[in-house]
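Quick one: this structure, given as structure tokens, is what I'll be asking you about.
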């Protein structure tokens, strides 16, 4: 059964809750080497740019927000599938010390959640996920919808996050 995250800002954050989300994130096993480390672009041979394969897609908050502590979002991808099933979807978050978990619900639908108790400023990259497609997707192939968000005081974010796919790069593997 898929794990659902709802109403993050309405529930007090407890150590038990943080431990549970950390456990779920560890069980998701998002880091498998296919997603580039934060701040690094995947290797991109010229011949692979528009061909079928895997692509790393970065999702970001585009508007200015001073203190994002909890964020839940859904992504609908109309041109292919997210790589990896359920909690084994190939996604990562660039925040060290944050708790992040992702769930591939199938049919091009992904749910994600990031909790950073100290908060972070936006605009900011939130996650990078790998998709499989017949050709390189464009930003308009992804609809990113914030479901819930709050600051470090558990207050709803105002303004609400404006999220989108902001970078898309082919993923290639090196010999080995």
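The numbers here are math on the coordinates, done by the rules we state, and not lab data. Just so we're clear, the structure is a prediction, and the values are computed from it rather than from any experiment. Every residue, glycine as well, gets a Cβ built from its backbone with ideal geometry; the counts of neighbours run over all protein chains shown.
Taking other Cβ within 10 Å of each residue's Cβ, how do 110, 157, 71 sort, fewest first?
Ranked by crowding around the Cβ, least crowded first: 157, 110, 71.
Need one word for the range 48-170: rounded, prolate or oblate. Basis is the Cα gyration tensor (sqrt eigenvalues a ≥ b ≥ c); a/c below 1.5 gives rounded, then a/b vs b/c decides.
Prolate is the answer for the range 48-170, as a/c is 1.5 or above and a/b outweighs b/c.
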